[in-house]
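Just below is one structure, and these are the notes that go with it.
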Amino acid sequence: MLDKAIVLDLYFIIIAMTETTKPWFKKYEPNVPYSLNYEEVPLFKILEESSIKYPNKTAITFYNYSITYEELLKKVESLKTALYDLGIRKGDRVALMLPNTPHYIISYFAVLKLGAIVVQMNPLYSKSEIEFILKDSTPKALITLDLFLDKILQIKDNVPTKIFIIGRIKEFLNFPLNFLYSLKTIFSKTPPIPSNFHVFSSLLYTNPKIIDVQINPKEDIAVLQYTGGTTGKPKGAMLTHFNLYSNVKQLIAWTTNIDYGNERTLIVIPLFHVYGMTVGMNYTIAVGGNIVLLPKFNLEEVIETIEKHKITNFPGVPAIYNAINNYKDIDKHNLTSIKLCLSGAAPLPIQVKQQFEKVTGAKLIEGYGLSEASPVTHANPIYGENREGSIGLPLPDTDAKIVDLETGEELPPGKEGELIIKGPQVMKGYWSNEEETKQTLKDGWLFTGDIAKMDEDGYFYIIDRKKDMIIVHGFNVYPRNVEEVLYKHPKIKEAAVVGIKKPEIADEIVKAYVVVKEGETLTKDELLNYLKEHLTYYEVPSEIEFTNEIPKSLIGKPLRRVLREKDSS
């Protein structure tokens, strides 16, 4: 038997060896571990544990309605039993086509407790997009709101789904809001719920019963998270219970100032997006916090909600923080309750970060993730060194490296190549798509498709999407670099840069779309002179178009694809 002193020596040798192989460890905050112990438990364990620790704490706030953790678990158990009675079994898919309302959170955990699989769906999908997802994932049931019933009625006979559950927003509103909402729906064109459909609120009256379901967290899929489809048809990333549970634990370890049971998280980013689901909902439930839901982004409503509920956590996207920065009466509001904002889904311009921190006093840190990784893989330290322009350091147990685009060989610090990632949060693969899985997952590594670099200290920097890179006279031009310069111009509110193919020339040209701040004027010549001072000649846009807005996804990511299509039409 080994002597304890020898064991300790071996332990510290292993730790020292690990530190030398991972440059980012020396930049971790003191309380952040390099590695974690993960229980192999189903994801819904986070809700069960918080309902025991914080039964009377508010779990969900939705306008003038609130639900405690004890009440939330009871509703989840009732819906779980109702779904079971409707024939939902382990491995079946259940599509959630819901905005940020309590229906989503209750449905999500009810499905997981049955061992079934949540299929994430954007309620604003077109009819053709809805059909594609339902045909690809073949869910037995779909849960949505009466607001979207018209679209469902038009496609229900074309899809394999046969069980439809319809909720109403007024089910989670108190007087007078529920009364006012009822009046609104009476005068709207919302069709009546068909008799063969099920009403969400009625299912919540089901008496819970014990249903024995055995879940293998590392193998069993919890969520099918469809990618945005920016480069083709959406693909369903298979995220296991262990993937999602691990990512929550990694985020908790990274957040060194958690006030368990008392955090208040404003979630206006969509829960059907992997970012809102993990960083907003799952993280907050795991720490016993209060989820304050807003179904859509309204700038004044967001600011009022932050003040009223004294929000402490505010995950968002750069477009949201930029909108707050530019709000005309922002100096009349107190947003200093916010401690932490994790920005994701799109690159965070340095100017936006600096201005938001000045306005609120909060820490706004840039992170990085993708649907295929549950989603978070990198984040800047909250109280440690926060390098602007960087997505930060890999989270505990997350390995990352930069590889050559052609050979796949690992590149040294400072060199640009493709970012690849390995960790417990990396997906199982794509649903019913072995070919795409083989191209994206190789020897346990997730190939992100993002061009990046790492510095000597292990901070990573996203240069751009591999598919967004523009070739000009044989030189690589990265839209993000040009956009950073545009955002620094004092008269510019928003900007997006794309490569445009012109039939008369072999290369693409760089085109910038620019939104000027209210009350400001800016000419093309003035802007070109500015750009020529700050960019290499081949990076300077050949075309500039002033516009009223930049098209964005519902999560707030600039849609370069839409801009390219606009120019090619």
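The values are calculated or read from the model by the stated rules, or taken from the named source; none is laboratory data. Given the structure is predicted, the values throughout are model-derived calculations rather than measurements. Because the Cβ atoms are built from the backbone with ideal geometry, glycine has one as well, and the counts that use them run over all protein chains shown. Quick note on the areas: whole protein, heavy atoms, side chains included, nothing else; ligands and nucleic acids left out. Shrake-Rupley method; radii C 1.70, N 1.55, O 1.52, S 1.80 Å.
Points worth noting:
- Annotation: Cα Rg of segment 35-128 relative to the compact-globule expectation 2.2 N^0.38 Å equals 1.18.
- Once the Cα-Cα distance is subtracted from the 0.36 nm per residue extended length, the residue 545 to residue 36 segment shows a gain of 178.3 nm.
- Using only Cα coordinates, the Kirkwood hydrodynamic radius of segment 80-127 works out to 11.1 Å.
- Antiparallel %, DSSP beta bridges [both residues in segment 267-392], to 5: 30 percent
- Protection proxy ranking of 353-359, 340-346, by the mean of other Cβ atoms within 10 Å over each peptide's residues and highest first, is 340-346, 353-359.
- Length added when fully stretched, residue 442-residue 308, from 0.36 nm per residue minus Cα-Cα: 43.4 nm
- Mean separation of Cα contacts under 8 Å (6+ apart) over length of segment 196-350, as relative contact order %: 17 percent
- Of the labelled figures (1) 26.1, 84; (2) 24.2, 79; (3) 34.2, 120, only one reflects Rg and Dmax of the Cα atoms in Å as derived from the coordinates, namely (2).
- Probing with 1.4 Å while keeping every protein chain in the model, the per residue accessible area of segment 253-390 equals 31 Å².
- Probe 1.4 Å - accessible area at residue 89, Å² to nearest ten: 100 Å²
- Calculated [222 nm] ellipticity per residue, helices only, for the chain: -9000 deg cm²/dmol; basis is -39500 (n - 2.57) per DSSP H run with n ≥ 4, divided by all residues, nearest 500.
- Rg and Dmax [Cα atoms of segment 359-428; Å; Rg one decimal, Dmax integer]: 13.7, 46
- Pairwise label distance in nanometres, residue 205 with residue 52, each label 7 Å out on the Cα-Cβ vector: 3.3 nm
- Segment 292-438: Rg to Rh, with Rh as the Kirkwood radius over Cα pairs: 1.05
- If you sort 117, 210 by accessible surface, 1.4 Å probe, largest first, the order is 210, 117.
- By the equivalent-ellipsoid construction on the alpha carbon gyration tensor, segment 243-336 comes out with semi-axes of 24, 15, 11 Å, ordered largest to smallest.
- Under 22 Å of direct C-alpha separation, and excluding same-chain neighbours fewer than eight residues apart, residue 339 reaches these lysines: 27, 57, 249, 308, 310, 353, 358, 363.
- Largest accessible area first, the residues 489, 333 order themselves as 333, 489 under a 1.4 Å probe with ligands, DNA and RNA left out.
- Cα shape, segment 400-543, gyration tensor, a/c 1.5 rule: prolate
- Candidate residues 69, 260, 537, 63: accessible-area rank, largest first, probe 1.4 Å: 537, 260, 63, 69
- Carbon and sulfur %, accessible surface of the chain computed with the full protein complex present, 1.4 Å: 51 percent
- Relative contact order of the chain, taken over Cα pairs closer than 8 Å and 6 or more residues apart, is 12 percent.
- Segment 41-187 - convex hull of alpha carbons, volume per residue in Å³: 110 Å³
- Every Cα-Cα pair of segment 312-397 was included, and the share exceeding 16 Å stands at 50 percent.
- Accessible-area value, residue 546, 1.4 Å probe, nucleic acids and ligands omitted, Å²: 70 Å²
- For segment 402-491: accessible area per residue (Å², 1.4 Å): 47 Å²
- R0 of 41 Å, Cβ-Cβ distance residue 259-residue 524: FRET efficiency to nearest 0.05: 0.25
- Solvent-accessible area of residue 404, all protein chains in place: 50 Å² (probe radius 1.4 Å, heavy atoms, ligands and nucleic acids excluded).
- Whether segment 205-287 is rounded, prolate or oblate, judged on the alpha carbon gyration tensor where a/c under 1.5 counts as rounded: oblate
- Cα centroid separation, segment 520-569 to segment 286-330 (Å): 28 Å
- Protection proxy ranking of 490-496, 298-304 - average other beta-carbon atoms within 10 Å, highest first: 490-496, 298-304
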